[in-house]
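J.: First the structure, which I've put down as structure tokens, then a few questions once you've had a look.
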Amino acid sequence: MPRDPNIPDAFDVYTLVLLRRRDHAPEMSEQELDALQSRHLAYRAKLRGDGVLVANGPLGEQSDPSLRGLSILSCDLDEARRLTDLDPSVQGGRLTYDVFEWWVAAGTLAFPGNAVGERRAMPD
């Protein structure tokens with residue numbers, strides 16, 4: 001069977017982390033939540049400064065209110081899990097996460113100043 005011409009010859013593969021509000025997250029006062037959010041943001045800023053966090057931010061209107069944020073990292077899945085496990089909001093039981101690879105047609109996304117992803121060919 002010939003290869004489908006709509007499938008790109010090469011893909012850039014990115015590591016994504018989708019942050020979710022944990023079911024039955026611990027109740028916290030506004031002051032505790034504010035302090036936790038500050039630690040969460042400081043941790044994310046450190047990852048960005050270290051060059052591992054390429055882009056991230058909160059999610060706005062969506063069909064699933066548990067979805068909280070999305071991050072693109074320049075590391076493999078295991079390292080993304082390790083780093084996300086160290087996030088204060090994950091450690092504090094407020095957030096959980098999903099980690100996955102995102103394959104996009106090579107060259108269709110650019111993150112100036114950041115080395116990100118890995119170029120791969122689609123297996124036959």
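The values are calculated or read from the model by the stated rules, or taken from the named source; none is laboratory data. Please read these numbers as outputs of a predicted model, since none were measured by experiment. Here Cβ is always computed from backbone atoms with ideal geometry, including for glycine, and neighbour counts include all displayed protein chains. We work out accessible area using only protein heavy atoms, side chains counted, and drop any ligands, DNA or RNA first. Shrake-Rupley method; radii C 1.70, N 1.55, O 1.52, S 1.80 Å.
J.: Return the residue satisfying two criteria in turn: it lies in segment 24-62 and is touching a residue at least 60 places away in the same chain (Cβ under 8 Å) and closer than 24 Å to Leu77 by Cβ, and of such residues it is least open to solvent (accessible area, probe 1.4 Å).
T.: Val54
J.: Also, quick follow-up: Restrict the check to segment 102-122 and report whether at least one residue is open to solvent by 70 Å² or more (accessible area, probe 1.4 Å) and in contact with a helix residue (DSSP H, G or I) (Cβ under 9 Å, 6 or more places away or on another chain).
T.: Within segment 102-122, none of the residues are open to solvent by 70 Å² or more (accessible area, probe 1.4 Å) and in contact with a helix residue (DSSP H, G or I) (Cβ under 9 Å, 6 or more places away or on another chain).
J.: Also: Which residues, taken from segment 79-106, are of a type in the set (A, V, I, L, M) and either within 10 Å of the chain's Cα centre (by Cα) or modelled with pLDDT of 95 or more (or both)?
T.: Passing the criteria: Ala80, Leu83, Leu86, Val90, Leu95, Val99.
J.: Please go through (1) in a helix (DSSP H, G or I); (2) within 12 Å of Leu95 (Cβ to Cβ); (3) in contact with a strand residue (DSSP E or B) (Cβ under 9 Å, 6 or more places away or on another chain) for Ala45 and return the number of the only condition it doesn't satisfy.
T.: (2)
J.: Take the residues of segment 1-23 that are of a type in the set (A, V, I, L, M, F, W, C) and assigned to a loop (DSSP other than H, G, I, E, B): which is surrounded by the most Cβ atoms within 10 Å (Cβ to Cβ)?
T.: At the first step, the residues of segment 1-23 found to be of a type in the set (A, V, I, L, M, F, W, C) are 1, 7, 10-11, 13, 16-19.
In the following step, the residues that additionally are assigned to a loop (DSSP other than H, G, I, E, B) were identified as 1, 7.
Working: Met1: 3, Ile7: 9.
The qualifying residue surrounded by the most Cβ atoms within 10 Å (Cβ to Cβ) is Ile7.
J.: Filter segment 1-45 for residues that are under 22 Å from Arg81 (Cβ atoms) and of a type in the set (Asp, Glu); which is nearest to the chain's Cα centre (by Cα)?
T.: Among those that are under 22 Å from Arg81 (Cβ atoms) and of a type in the set (Asp, Glu), it is Asp12.
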